[in-house]
Structures are given as C-alpha cells and as structure tokens.
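Below is one structure, written out as structure tokens; the observations come after it.
Only the coordinates and a few stated rules stand behind these numbers; no lab work does. Just so it is clear, the model here is predicted, and its values are computed rather than measured. Cβ sites come from the backbone with ideal geometry, for glycine too, and all protein chains shown count toward neighbours.
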Amino acid sequence: MTSIAKTIVLITGANSGIGFELAAQFLQKGTYHVLVGSRSTQKGTTALKDLQSRNYPGTAELIHLDVTDDNTINEAATTVETTHGKLDILVNNAAIAIPPGNDREQLRLAFDTNATGPWVLTKTLLPLLQKSSGARIINISSGVGSIGRKLDPANPMHKLSHVQYRASKTALNMVTACQYVEYGALGIKVALYDPGFTVSNLSQNNRPERGARSAEKTVESLMEVVEGKRDAETPAFLHNTGTYVW
C-alpha cells in the first residue's frame, strides 16, 4: 500500500521509451506512485525491476494494460480503485506507428491503439479521476497529426505519408479537444502534447543517428506540462518549444 500523500499516476506504454523515462523522472521526485502500464507483462516486469533497482524515492507497481483490450482496461480500473481509490494523473502514451496487416487492418489497429484506446481508457477511469483534487489527463500526440502542417508545402512533414499513424493521431487530437470541453467542466485539466522526434521503440527510425533526441530530454519538457507549468497555454497543441496549428 502506498502513502496516501503520494500522487497516483498511470502511464500507458511505460515499459520503454518515453513512457519508461517519464516513470523514472516521476520516481526521482519521490512524491509520486507510478502505475507502470504495459501490454506485455513480461516487458512490464522487466521495466519495473529496472526502475526499482535505481532506488528512487518514489514507488511503483505494474499494471497489465492493453489499450485495445477492454478486459485489461476494466481490470486495471478495478485494481486502481481497490488499491488506491483514486487516480490523479493519466498519461495516454501507448502508441503504434506502422501496424501489421493490409491497409484496412493497419488503419483499424492504428486508430484502436492511438485514438480509440485512449478515449475508452480515460472514460473508464473518469470516476477515479473525479476523486482526485487535482486530476490531469495528458495525451501524447505527434506533430504529424496536425492537419495544418500536412497542408503546408513549406513544412518538412508535408510529403510524409504514413496515413495510418497521421490520421490516428489527428483523431487523438479531436478526442483531446472533446475531453477538454467535457472533462474541463468537471475541473479536470486536459493537455495535448507532441514530444517530438525521440529515441523509442515506435519505429526503426527513432534512433540517435537519425536525429532523434534522448527520451530524457524529451521528458524534461513533458514534465512541465504534467506539473501544470503550461496550463495557461491550453487548449492548444503543445510541443517542447511552443504550439502547433491543429
């Protein structure tokens, strides 16, 4: 059982990349109890052991959570309710870039993971978020989900295709806008954030030699959003140095 004084935060896709580094930086602060969400229990267990071996002052536990599987979503909600009674921060970080299958299958899985999953998970956890005195929802998007940037011939991402990933992140942006209106009225802070090109397992291109910045640097910027230091800018499509056109 964790200390009642700690802030309870759930991060999806926390077994690697940005999610793992975010968990690490939360734990370094000592005032958070991190629920390490992972689709794979094996990878999640490995990540949790790694985090715990660092002897950070914060605490953590593994939550088996596949955002495309309603059973694991409901089980996760039950676990959080039973163990903690509330949820203070939800970070919808889990994502997929290029799913397997034909065109239709790829688009379906991309939307299910990147947009539908976060929406269903957040809605399921809403009663727990409402029990917090300072609830926050942070949705991790991507700059390639900006329609304005796609239509701008001068933008470096103008000709990049990746329809499955781009369209699903655009959908997540609208999900966030709807959450901002609906959940904001309940006193819940909602933010949309593009972490930028970062070292992760999202794709083979997310490597330092291709210009991806470290997850550590990316999460330092993300923590400003999580800690409310950029609340005055919302509702907006935030990134590390400003905002994007929707």
Revision key, fill the gap. So, with points 7 Å from each Cα along the Cβ direction, the Lys29-Lys131 label distance in nm works out to 2.1 nm
Practice item. Looking at the stretch 7-244, send over the antiparallel percent of its DSSP beta bridges, to the nearest 5. Key: 10 percent
Check your understanding: For Ser40 and Val163 in one chain, what is 0.36 nm times their gap in residues minus the Cα-Cα distance, to one decimal in nm?
Key -> 41.6 nm
**Study point:** Label zone at Asp103 (point 7 Å along Cα-to-Cβ), backbone N below 19 Å, the stretch 129-163
**Key:** 159-163
Check your understanding: What FRET efficiency comes out for the pair Glu61/Asn155, r = Cβ-Cβ distance, R0 = 41 Å, nearest 0.05?
Key -> 0.50
Revision key, fill the gap. Of the listed links Lys29/Lys229; Lys29/Lys169; Lys6/Lys123; Lys123/Lys150; Lys6/Lys49, those spanning more than 25 angstrom between alpha carbons are Lys29/Lys169; Lys123/Lys150
**Study point:** Between 0 and 90°, nearest 10: helix 17-29 axis offset from the chain longest Cα axis
**Key:** 40 degrees
Revision key, fill the gap. Ile188 neighbourhood, Cβ < 14 Å, K/R = +1, D/E = -1, net charge +2
Review point. Quick one: net charge of Asp231's neighbours, Cβ under 13 Å, K/R +1, D/E -1?
Key: +1
**Study point:** Positive-end extreme of charge dipole, the chain - chosen from Gly117, Ser161, Gly30 (charges on Cβ)
**Key:** Ser161
Exercise for review: Mark the label point 7 Å from the Cα of Met174 along Cα→Cβ and return the residues of the stretch 226-244 whose backbone N is within less than 17 Å of it.
Suggested key: 237
Review point. So what's the net charge close to Gly134: Lys and Arg +1, Asp and Glu -1, counting the other residues with Cβ under 12 Å from its Cβ?
Key: +1
